[in-house]
Amino acid sequence: MNYRPLGRTGVQVSQLCFGTMSFGGDADEAASAEMFKAARDIGINFFDTADQYSKGRSEEILGRLARGAREDLVIATKCFNATGPDRNAKGNSRRHLTRALEASLKRLQTDRVELLYLHMHDPLTPVEEAMRALEDMVRSGKVLYPALSNWAAWQVQQAIDLQEAKGWVRLQAIQPMYSLVKRQAEVEILPMAAANGISVFPYSPAGAGLLSGKFSSRSPDTAQSRLVANRNYTARYGEPWMHEVADKFAAFCKQRGMHPVSAAVAWVAAHPAVTAPIIGARSVQQLQASLDCLKIEMSRALWNEMAALSRTPPPATDRLEEQNKG
């Protein structure tokens, strides 16, 4: 396992981040413990959760598993999504963020988290309000580094510019969606992060299982996964061309003797702006394919071959005629 800088903090995180979204949901406590041990055994020191995962049970299970090893771990959590029926129990208001953080710390059984992500952009809350709330959390010592998830590049840049103008603690990480079938981040998000020295921790590197080799454009419902059971994932990965890419990718990997999940994670990890992809699973057996990405030597030529199987997004200027110029 190699370790990489977390933004400009001086903290070192493993080249893979373990995402615990399955804890307390698709994975019971015993399965979660097995996966946690497998991740630790291979050298992962970075764990990602959120207050909405399994209605807080993910944080609770991670908190129990982290006991005795807390000082060796970098823990990230997220808040934004509704935590109760009250209309104010959601969003990026100071009111919600402070309450959500306190609840997360209790579930995690810790006095601080290294990273706190705002899980989504909140159109109802001015960016100044949200960033000041994060600043106060950092000053309190309950959050060490602020971060953002699912924000557009211009929104992240707006937040950074405000922080620098105010002399507040800077964002250190972002968490975008990124995979062979979701490449929009290449256009502005990844270049923006690289220009600002921000770490990038992409989620769903295997496209929620679409790139696992279990699906086919001819029979897309043959496997049980989030793609079938979750309407959000069905919509996110429902375009026919994505399934066609998955078919081509599975054939490509079979020809070269690579597990599709291993190759998909290795492809995301090899982007120069990416610090560590977030991997997850329902069982330790399923997790192994993601961990095996470390065995793949992802040359630039191999990366380009895989990229050619998918659609390259147009440049930010949308001047397609210039895209292939040297």
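The values are calculated or read from the model by the stated rules, or taken from the named source; none is laboratory data. Here the structure is a predicted model, which means the values were calculated and not measured. We place every Cβ from the backbone using ideal geometry, glycine too, and count neighbours over all the protein chains shown. For accessibility, only protein heavy atoms count, side chains too; no ligands or nucleic acids. Shrake-Rupley method; radii C 1.70, N 1.55, O 1.52, S 1.80 Å.
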Q224 passes all but one of the listed conditions (1) at pLDDT below 95; (2) buried (at least 17 other Cβ atoms within 10 Å of the Cβ); (3) under 16 Å from Q286 (Cβ atoms); the exception is number (2)
Please count how many residues of the stretch 135-192 are over 19 Å from T275 (Cα atoms) and either part of a loop (DSSP other than H, G, I, E, B) or open to solvent by 40 Å² or more (accessible area, probe 1.4 Å) (or both). 15
Regarding the stretch 16-27, can at least one residue be identified that is part of a helix (DSSP H, G or I), surrounded by fewer than 24 Cβ atoms within 10 Å (Cβ to Cβ) and either touching a helix residue (DSSP H, G or I) at 6+ places or on another chain (Cβ under 6 Å) or free of Cβ contacts under 8 Å to residues at least 12 places away in the same chain (or both)? no
Flagged pairs (Cβ under 7 angstrom, 6 or more apart or on separate chains; first in the stretch 310-326, at pLDDT below 95; second open to solvent by 80 Å² or more (accessible area, probe 1.4 Å) and in a loop (DSSP other than H, G, I, E, B)) are A316/E188
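Filter the stretch 137-164 down to the residues that are of a type in the set (D, E, K, R) and without any contact (Cβ under 8 Å) to a residue 40 or more places away in the chain, then identify the one that is nearest to R107 (Cα to Cα). Working first, answer last.
Step one: of the stretch 137-164, the residues of a type in the set (D, E, K, R) are 139, 142, 161, 164.
Checking which are without any contact (Cβ under 8 Å) to a residue 40 or more places away in the chain leaves us with 139, 161, 164.
Details: R139: 21, D161: 33, E164: 32 Å.
Across the stretch 137-164, the extreme among qualifying residues is R139.
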Residue in the stretch 281-307 that is farthest from A263 (Cα to Cα), counting only those that are open to solvent by 80 Å² or more (accessible area, probe 1.4 Å) and part of a loop (DSSP other than H, G, I, E, B): R282
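Within the stretch 48-67, identify whether any single residue is assigned to a loop (DSSP other than H, G, I, E, B), of a type in the set (A, V, I, L, M), touching a residue at least 24 places away in the same chain (Cβ under 8 Å) and in contact with a His (Cβ under 8 Å, 6 or more places away or on another chain), and answer yes or no.
Initially, the stretch 48-67 is screened for residues assigned to a loop (DSSP other than H, G, I, E, B), giving 49-52, 67.
Filter once more, keeping what is of a type in the set (A, V, I, L, M): 50.
If we keep only those that are touching a residue at least 24 places away in the same chain (Cβ under 8 Å) too, we end up with 50.
Then drop every residue that is not in contact with a His (Cβ under 8 Å, 6 or more places away or on another chain), which leaves 50.
Yes, the stretch 48-67 contains at least one residue that is assigned to a loop (DSSP other than H, G, I, E, B), of a type in the set (A, V, I, L, M), touching a residue at least 24 places away in the same chain (Cβ under 8 Å) and in contact with a His (Cβ under 8 Å, 6 or more places away or on another chain).
Report, by residue number, each residue of the stretch 28-44 that is in a loop (DSSP other than H, G, I, E, B) and either farther than 18 Å from P202 by Cβ or open to solvent by 40 Å² or more (accessible area, probe 1.4 Å) (or both).
Initial filter on the stretch 28-44 (in a loop (DSSP other than H, G, I, E, B)): 28, 43-44.
If the condition is that a residue be in a loop (DSSP other than H, G, I, E, B) and either farther than 18 Å from P202 by Cβ or open to solvent by 40 Å² or more (accessible area, probe 1.4 Å) (or both), then D28, G43 are the ones that fit.
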Hits in the stretch 51-70 (condition: surrounded by fewer than 15 Cβ atoms within 10 Å (Cβ to Cβ), under 16 Å from D28 (Cα atoms) and either in contact with a strand residue (DSSP E or B) (Cβ under 8 Å, 6 or more places away or on another chain) or of a type in the set (A, V, I, L, M) (or both)): none
Q12 passes all but one of (1) exposed (fewer than 15 other Cβ atoms within 10 Å of the Cβ); (2) within 19 Å of the chain's Cα centre (by Cα); (3) in contact (Cβ under 8 Å) with a residue 40 or more places away in the chain; which number fails? (3)
How many residues are outside any helix (DSSP H, G or I) and either polar (S, T, N, Q) or out of contact with any Ser or Thr (no Cβ under 6 Å at 6 or more places or on another chain) (or both) when one looks only at the stretch 251-279? 12
Counting only residues in the stretch 77-120 that are part of a loop (DSSP other than H, G, I, E, B) and of a type in the set (V, I, T), the one least open to solvent (accessible area, probe 1.4 Å) is identified as T110
